[in-house]
1. If you check every pair at least six apart or on different chains, which have Cβ atoms under 7 Å apart with a residue in segment B:76-94 that is in the same structural domain as residue B:250 (by TED's automatic domain parsing) first and a residue that is modelled with pLDDT under 95 and buried (at least 20 other Cβ atoms within 10 Å of the Cβ) second?
2. Are any of the residues in segment A:375-396 facing chain B (nearest Cβ under 10 Å), in a helix (DSSP H, G or I) and touching a residue at least 40 places away in the same chain (Cβ under 8 Å)?
3. Quick one: which residue in B:101, B:61 is modelled with pLDDT of 95 or more, within 26 Å of residue B:211 (Cα to Cα) and touching a strand residue (DSSP E or B) at 6+ places or on another chain (Cβ under 7 Å)?
4. Quick one: which helices (runs of 4 or more DSSP H) lie wholly within segment A:277-373 and hold at least 1 residues that are within 10 Å of another protein chain (Cβ to nearest Cβ) and surrounded by fewer than 20 Cβ atoms within 10 Å (Cβ to Cβ)?
5. Which condition number does residue B:253 fail, the rest of (1) within 25 Å of residue B:343 (Cα to Cα); (2) surrounded by fewer than 17 Cβ atoms within 10 Å (Cβ to Cβ) being met?
6. Of all residues in segment B:194-206, count the ones that are crowded, with 24+ Cβ neighbours inside 10 Å and in a helix (DSSP H, G or I).
7. Identify, by number, the condition in (1) surrounded by fewer than 24 Cβ atoms within 10 Å (Cβ to Cβ); (2) in contact with a strand residue (DSSP E or B) (Cβ under 9 Å, 6 or more places away or on another chain); (3) more than 27 Å from residue A:97 (Cβ to Cβ) that residue A:147 doesn't meet.
8. Of the residues in segment A:167-179, how many are touching a strand residue (DSSP E or B) at 6+ places or on another chain (Cβ under 7 Å) and in a loop (DSSP other than H, G, I, E, B)?
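The values are calculated or read from the model by the stated rules, or taken from the named source; none is laboratory data. The structure presented is a predicted model; accordingly, all values stated were derived computationally and were not measured. Cβ placement follows ideal geometry from the backbone for every residue including glycine, while neighbour counts extend to all protein chains displayed.
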């Protein structure tokens, strides 16, 4: 999420979410901290969504619950965003304003031009935001595709025109900056699909991101050529395909699409299944097929599975597991490591240089990507001739201040990651995560004692309960010892004449912690519970 | 781990461990189930370790606690294994018998030839096991390096001799079967190091696997050329370097190596640090430097960090995090995605084909690698001309039975994964892991009630305690409602006249589970505790 502020107006660009890292146990999604926007609610003139990927629209429902502003984007982007708002029941709260490439709109007093770029989803719009201080160009996520599937290449002429006119700041996508050369065209996959469709004797099962409309279009095209019917599987695939068809982004000839029920009735070599699960997500349709757990589709020898996606970092093992299981079910599996059956949606070095050359910005800010990507993109800009003092690597919360002649990191606003867990937004913090971490590693052991409030005598217990620590049935002897240790700790407190609960609990915790670590080299969470009656 | 059995003799090959998958919460390492060996203790004539990597020697201490047998391997392999045995205090239990390439030994009535191969650790030995039914060749982990750092290429002549003589079964490394062509020589990295050493103005910090002696040798060689001193950092790095020096595998000129203390006293451009942390392991030296948490070394602008390793699947995000943090500290970072500063230790397709051609086995069994690799290696063998009925893909526990003329999967023995958690070997099973999983996602909520055993009246409570569920201080109101729900559940039991504890607990669990899910969309473990006094 970026925000452009001039005097008393703020224009927000994108509202993305992040998927949790491994150490964010139990967290569903991570959204940006929008405290600053909430504090300046009255200044916000609009929210522009550059495209419909989760990391650009996923936080919109949460943002919309806090701030009110019209939302701009391509028709596909808005349709995908609307589906999210509906899940949260807040679709009525928002005015959606569809825009198209080359549209020019006044949003507040900003004039915004929307510019076509290529990417791994349709309907991506880069932005030229005209401010009194100068023009800001935001590339969105992009690549340069000279032969795009929808026939609409990146709008070189607009970027050139802006560069000629003079651009103050360029914000450009850094995701693929580590790669030399050019990202190849989406269209090269047509040949790949042709090859695999030609060679397949049984069913074809293709998985890709549901949002990759052009990829799905190419599978549809190949199916037409090879006289196969197409069925779509998986909730997000079915939803996105339906939206994309309605809006005309995806063209499926009449009679080509079939329901899942009809798949069984057709010969295997007349069927293509397009499914979710390209990241090995355990609950996705393809993963369930691989595990033999899908209700309707059973993988069989002769099936060819094409995984037309690359791994999002962190998903490598899940994808590998899916592939292994598909092999065990007898399928032939075609995936990137072996055959390059995927192309990226992000510009490589030569494209990034071309963008820098076309736009000729005075100031440059690399965006999208991890810190190392920003640094490398910054270096690339310097090679192109942007002075190093005019290049800024910004982290979340940094405020970049530009005038027509100057730029600097001027300060910080509150920013950061807000954890969403179930209905809770921001209520899971470090304490809860630390507890979950400990519980996940060695479980919990609970010692319960009931004391007589008159004389402090033990009326019941100590009772010991554990979960996630040891297999209880085989640990009777250990638990007996734990009980004895608790009594020992209580005796010690009594001997010291200290019957303060927190002291007693501390003693029990310490005694058990040491004992259990010696005995098991594990550190379960130890929870002494004292009740008085 | 493999075992070769003939009549009343068993020869064990390797005793490796596996690192836990993400869903094996709290597990330290995973070792093989050796029930079969324990049941046939008296048959075991020896354990051969092909090389010193964890996935080949890591389970030895656990195996040695259960079975007695002499252990064979190269001097380096045995030294690394011995260090592990010492950690477990069982080094005295084992007779270690060092062997060298071209050695021929009688182990029981098996004649075993040890054969030099190349890999990413020194001292790797392939095996030719002569049995009355025929010769079994086990390649160990290997690649073909025509210009190895230690000057000892793979022993083509021995493999050729065996092939000429006639080999019954070949077991060959499948790890890199997805890669076309040849794995390049370790020596090509000399040029890379030369390039980076030449360009570095400040300190050089190189990380690789501690066991990659040849890689470390090349760093040492580059340091000599560039008049830099070398310091080793990280426990396993220091240990392995010390062992490898003692045994002559690693050659460090006198006066080149310095202690960590001396690093600060030298100019930055006269120092090379060789450190652990190539996988982004959070506790390793490089990771701590990246986070600014290392006691002795602080990363500073001008430092060049070379990550001379590729990611083990699953470690990608940790490595990326380390790189990002190194960039933030101002270091220049050189890593594989950008510069190919690592070469693999495993044979690619052309090398695998050459091995198959040289050995010309009657039967072929692909080993090492995931299931998909085995399938692809099996196909490669068939392309080379091994009939498909003579190729066997074996899973853990499968028994392959060969005679001079026949081969088949003849049955299964008990096998599988044993989880090691602290001192517990095999005591953490599905129940414990399932509990840890639930605890890790949504924590635990405990409801404690004390009842009067005479009349079932509530004497104390319900008290509610939670950990890892919500932030307690901000959830007073929720906890008040939980308390009311518990009382509601108890009333219901009383109204139904059912005071059976397990019924009451069930009611509480169900009531709270439903209530909390509605309220929070989380599913903490719910633990009702009832005490009677």
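1. none
2. Scanning segment A:375-396 turns up at least one residue that is facing chain B (nearest Cβ under 10 Å), in a helix (DSSP H, G or I) and touching a residue at least 40 places away in the same chain (Cβ under 8 Å).
3. Only one candidate passes the filter, namely B:101.
4. Where helices (runs of 4 or more DSSP H) fall fully within segment A:277-373 and carry at least 1 residues being within 10 Å of another protein chain (Cβ to nearest Cβ) and surrounded by fewer than 20 Cβ atoms within 10 Å (Cβ to Cβ), they are A:316-328, A:336-339.
5. Of (1) within 25 Å of residue B:343 (Cα to Cα); (2) surrounded by fewer than 17 Cβ atoms within 10 Å (Cβ to Cβ), only one is false for residue B:253: (1).
6. 0
7. Of everything listed in (1) surrounded by fewer than 24 Cβ atoms within 10 Å (Cβ to Cβ); (2) in contact with a strand residue (DSSP E or B) (Cβ under 9 Å, 6 or more places away or on another chain); (3) more than 27 Å from residue A:97 (Cβ to Cβ), residue A:147 misses just condition (2).
8. 1
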